[in-house]
Amino acid sequence: MTSFEHLGLPDPLLRAVKALGYEHPTPVQTQTIPPIAAGRDVTAEAQTGSGKTAAFALPILSKLDTTATPEHIQALTVAPTRELALQVAASYKALAKFMAKPPRVLAVIGGESIDQQISALHTGVSIVVATPGRLLDLVDHGDINLSTLTTLVLDEADKLLDLGFSDELTAVLQALPSERQTLLFSATLPPKVLVLAEHVLNQPVTVQIEATASSVGGIEQRVFEVDNNKRRTLLQHLIQTEEWAQTLVFSATRRGAHNLAAKLRSAGLSADALHGGLEQPDRMQVLRRFRRGDLAILTATDIAARGIDVPKLDAVVNYDLPRSPQDYVHRIGRTGRAGESGVAVSFIDHESAPHFALIEKRAEVQLTRERVEGFELTGAAPKNVKGKAPVKGKRKSKKDKLREAAAAEASTAAEATTSDAP
Ligand code: AMP
């Protein structure tokens, strides 16, 4: 097994990874640190939870020129959500802790004072981690000088595009020196991400970390057949019998996440919801409470939970199924982080069973259906009447509704992140 020493990292960074308890580099780190340190452009397909932040932060820190005073921007990381941007900024700081002169790191995000960010930029910053809306605001007003930048990281590129940040990215790219190193990290590499990579990267090294659900190490996947209206009590039952200290529960809609948390609280559990409809300070507070362990259950929508890093998460529950197999892999990656074990649970009924079968097929897993006494699925699977095609457009299917709700959630989350000018 490769060691961090073998990756040629300088001593202060080796001390930092040790202090953080990282014993060995993760696969994405082993594969991307050497080409990044060598100055190559890199496209990496890697999930949140794979150790991707350190995979780009370590080589960036190792190459930083720390002699300039005042400091000037050398590295910019663009992330899709405020939470992720704050998390990445915190990682840079933690990894830089033992450097002789730790660089100044600034999170440029909406929902916080732009004036403070501008004055921090004036006093000198080496590393900026930004969400596209606020960054573009600063670029447009000439409040940020990116001409000295040497490395650009597009983090969670698939989500940046899913959230509709393509135009912001194009505008930001125009403000950057064309001579630079560009790194693109993405949980999935659909065609639109590949097109972006084609445009912004120069002869990149491509790294793919197996992203099938079956290979998400340390995660036990289970699926329960349960009636829709018994899901909440089954969830409570599982939390109790399986002794999950911290559980992340995915809901398809904001309202679903909100109502579920309220009902769990009424049942005496410590639960709260995280979704795009909350004000930024409230989102931060909920996340902090969950991270600190003050909150046992967090109900969340996909977008709000994107990139959440909670060490030692016991369980992830698909209360509503994700829309795509990629989202499934992404969701379950929230548990069993960096070598720890965890469980990912999905609830299905007659209606959602075919969709789950599709997820399994694409994710290359086949799970045994479980039923829990007292919470059994009732009724029979709807029969496909031969010769009579299902009538489309008459009544929205549950899947259509889930899709619409998730799309609405995604667009408001994008708005929340872009419309953050003061
Ligand atoms: P990320 O994929 O960057 O969100 O990282 C996921 C989690 O893994 C974070 O809590 C990191 O602190 C942790 N981590 C990153 N690299 C390692 C490593 N080499 N060994 C153990 N944990 C790690």
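The values are calculated or read from the model by the stated rules, or taken from the named source; none is laboratory data. Everything quoted here is computed from the prediction, not taken from an experiment. Cβ sites come from the backbone with ideal geometry, for glycine too, and all protein chains shown count toward neighbours.
If we scan region 336-349, do we find a residue that is assigned by TED's automatic domain parsing to the domain that holds residue 300, closer than 20 Å to residue 231 by Cα and in a loop (DSSP other than H, G, I, E, B)?
yes
Residue 186: closer than 29 Å to residue 10 by Cα and crowded, with 22+ Cβ neighbours inside 10 Å, yes or no?
Numbers: closer than 29 Å to residue 10 by Cα: yes; crowded, with 22+ Cβ neighbours inside 10 Å: yes.
Taking the combined requirement at face value, the residue satisfies it.
Can you pull out every residue in region 218-249 that is closer than 14 Å to residue 290 by Cβ and either of a type outside the set (Phe, Trp, Tyr) or at pLDDT 95 or above (or both)? Don't jump to the end; show me each part of the working.
Taking region 218-249 first, the residues closer than 14 Å to residue 290 by Cβ are 244-249.
Residues satisfying the conditions are 245, 246, 247, 248, 249.
Assess whether residue 267 counts as being within 21 Å of residue 223 (Cβ to Cβ) and outside the structural domain of residue 111 (by TED's automatic domain parsing). Reasoning before the result, please.
Numbers: within 21 Å of residue 223 (Cβ to Cβ): no; outside the structural domain of residue 111 (by TED's automatic domain parsing): yes.
Against the criterion (within 21 Å of residue 223 (Cβ to Cβ) and outside the structural domain of residue 111 (by TED's automatic domain parsing)), residue 267 does not qualify.
Quick check on region 230-239. Is at least one of its residues basic (Lys, Arg), free of Cβ contacts under 8 Å to residues at least 24 places away in the same chain, over 30 Å from residue 75 (Cα atoms) and assigned to a helix (DSSP H, G or I)?
Of region 230-239, the ones basic (Lys, Arg) are 230-232.
Still in the list and also free of Cβ contacts under 8 Å to residues at least 24 places away in the same chain: none.
The answer is no; no qualifying residue exists.
Considering only region 193-200, I want to know if a residue exists there that is among the acidic types (Asp, Glu), part of a helix (DSSP H, G or I) and crowded, with 22+ Cβ neighbours inside 10 Å.
From region 193-200, those among the acidic types (Asp, Glu) are 198; that's our starting set.
Now narrow it down to the ones that are part of a helix (DSSP H, G or I): 198.
Next, from what is left, pick out any that are crowded, with 22+ Cβ neighbours inside 10 Å: none.
Checking region 193-200: not a single residue is among the acidic types (Asp, Glu), part of a helix (DSSP H, G or I) and crowded, with 22+ Cβ neighbours inside 10 Å.
Kindly indicate which of 189, 183 is within 16 Å of the chain's Cα centre (by Cα), over 13 Å from residue 135 (Cβ atoms) and not hydroxyl-bearing (Ser, Thr, Tyr).
Working: 183 fails: within 16 Å of the chain's Cα centre (by Cα).
On inspection, the qualifying residue turns out to be 189.
Could you figure out which of (1) closer than 30 Å to residue 359 by Cα; (2) free of Cβ contacts under 8 Å to residues at least 60 places away in the same chain; (3) not hydroxyl-bearing (Ser, Thr, Tyr) isn't true of residue 138?
Residue 138 satisfies all of (1) closer than 30 Å to residue 359 by Cα; (2) free of Cβ contacts under 8 Å to residues at least 60 places away in the same chain; (3) not hydroxyl-bearing (Ser, Thr, Tyr) except (1).
Assess whether residue 235 counts as being over 17 Å from the mean Cα position of the chain (by Cα) and surrounded by 23 or more Cβ atoms within 10 Å (Cβ to Cβ). Reasoning before the result, please.
Values: over 17 Å from the mean Cα position of the chain (by Cα): yes; surrounded by 23 or more Cβ atoms within 10 Å (Cβ to Cβ): yes.
It is true that residue 235 is over 17 Å from the mean Cα position of the chain (by Cα) and surrounded by 23 or more Cβ atoms within 10 Å (Cβ to Cβ).
Give the residues of region 76-114 that are over 27 Å from residue 301 (Cβ atoms), aliphatic (A, V, I, L, M) and within 16 Å of the ligand (Cβ to nearest atom), sorted by residue number.
Matches in region 76-114: 94, 95, 96, 105.
If we keep just the residues of region 1-29 that are within 9 Å of the ligand (Cβ to nearest atom) and surrounded by 16 or more Cβ atoms within 10 Å (Cβ to Cβ), which is nearest to the chain's Cα centre (by Cα)?
Here is the first cut: in region 1-29, the residues within 9 Å of the ligand (Cβ to nearest atom) are 4, 17, 20-26, 28-29.
Those left that are additionally surrounded by 16 or more Cβ atoms within 10 Å (Cβ to Cβ): 4, 17, 22, 25-26, 28-29.
Working: 4: 25, 17: 22, 22: 20, 25: 20, 26: 17, 28: 16, 29: 17 Å.
Among them, the one singled out is 28.
Residues that are modelled with pLDDT under 95 and closer than 27 Å to residue 327 by Cα: find the strands (runs of 3 or more DSSP E) completely inside region 65-179 holding 3 or more of those.
On the way: elements: 75-78, 105-108, 127-130, 151-154.
In region 65-179, there are no strands (runs of 3 or more DSSP E) which contain 3 or more residues that are modelled with pLDDT under 95 and closer than 27 Å to residue 327 by Cα.
Cβ contacts < 6 Å: first residue within 19 Å of residue 330 (Cβ to Cβ), restricted to region 29-47; second residue among the polar types (S, T, N, Q) and not in a strand (DSSP E or B), any location; separation 6+ or different chain. Result?
Pairs that qualify, where the first residue is within 19 Å of residue 330 (Cβ to Cβ) and the partner is among the polar types (S, T, N, Q) and not in a strand (DSSP E or B), are 44/32.
Here is a list of conditions, (1) within 16 Å of the ligand (Cβ to nearest atom); (2) modelled with pLDDT of 80 or more; (3) basic (Lys, Arg), and residue 323 meets all of them except one; can you say which number that is?
(1)
Just give me the residues in region 260-302 being among the small types (Gly, Ala, Ser), surrounded by fewer than 16 Cβ atoms within 10 Å (Cβ to Cβ) and either at positive phi or in a helix (DSSP H, G or I) (or both), in sequence order.
Once the filter is applied, which keeps residues that are among the small types (Gly, Ala, Ser), surrounded by fewer than 16 Cβ atoms within 10 Å (Cβ to Cβ) and either at positive phi or in a helix (DSSP H, G or I) (or both), region 260-302 yields 262, 266, 268, 293.
Taking region 30-59 as the region of interest, how many residues are within 9 Å of the ligand (Cβ to nearest atom) and part of a loop (DSSP other than H, G, I, E, B)?
Matching residues across region 30-59 total 6.
Which condition breaks for residue 400 when tested against (1) in a helix (DSSP H, G or I); (2) at pLDDT 85 or above?
For residue 400, the failing item is (2).
Just the residues that are over 17 Å from residue 315 (Cα atoms) and touching a Ser or Thr at 6+ places or on another chain (Cβ under 6 Å), please, taken from region 255-297.
Passing the criteria: 275, 276.
Just for region 105-123: of the residues that are surrounded by 18 or more Cβ atoms within 10 Å (Cβ to Cβ) and touching a strand residue (DSSP E or B) at 6+ places or on another chain (Cβ under 8 Å), which one is farthest from residue 172 (Cα to Cα)?
So, considering only residues that are surrounded by 18 or more Cβ atoms within 10 Å (Cβ to Cβ) and touching a strand residue (DSSP E or B) at 6+ places or on another chain (Cβ under 8 Å), the one farthest from residue 172 (Cα to Cα) is 105.
Got at least one residue in region 340-355 being modelled with pLDDT under 80 and surrounded by fewer than 18 Cβ atoms within 10 Å (Cβ to Cβ)? Explain how you work it out, then say what you get.
Looking only at region 340-355, we keep the residues that are modelled with pLDDT under 80, and these are 340-341.
Then keep just the ones that are surrounded by fewer than 18 Cβ atoms within 10 Å (Cβ to Cβ); that gives 340-341.
Scanning region 340-355, I find at least one residue that is modelled with pLDDT under 80 and surrounded by fewer than 18 Cβ atoms within 10 Å (Cβ to Cβ), so the answer is yes.
Just to be sure, is residue 73 buried (at least 17 other Cβ atoms within 10 Å of the Cβ), of a type in the set (Val, Ile, Thr) and within 15 Å of the ligand (Cβ to nearest atom)? First the steps, then the outcome.
Details: buried (at least 17 other Cβ atoms within 10 Å of the Cβ): yes; of a type in the set (Val, Ile, Thr): yes; within 15 Å of the ligand (Cβ to nearest atom): no.
Criteria not met by residue 73.
Would you mind stating whether residue 62 is surrounded by 17 or more Cβ atoms within 10 Å (Cβ to Cβ), touching a residue at least 12 places away in the same chain (Cβ under 8 Å), within 13 Å of the ligand (Cβ to nearest atom) and over 22 Å from residue 196 (Cβ atoms)? Step through it out loud before you land on a result.
Working: surrounded by 17 or more Cβ atoms within 10 Å (Cβ to Cβ): yes; touching a residue at least 12 places away in the same chain (Cβ under 8 Å): yes; within 13 Å of the ligand (Cβ to nearest atom): no; over 22 Å from residue 196 (Cβ atoms): yes.
Taking the combined requirement at face value, the residue does not satisfy it.
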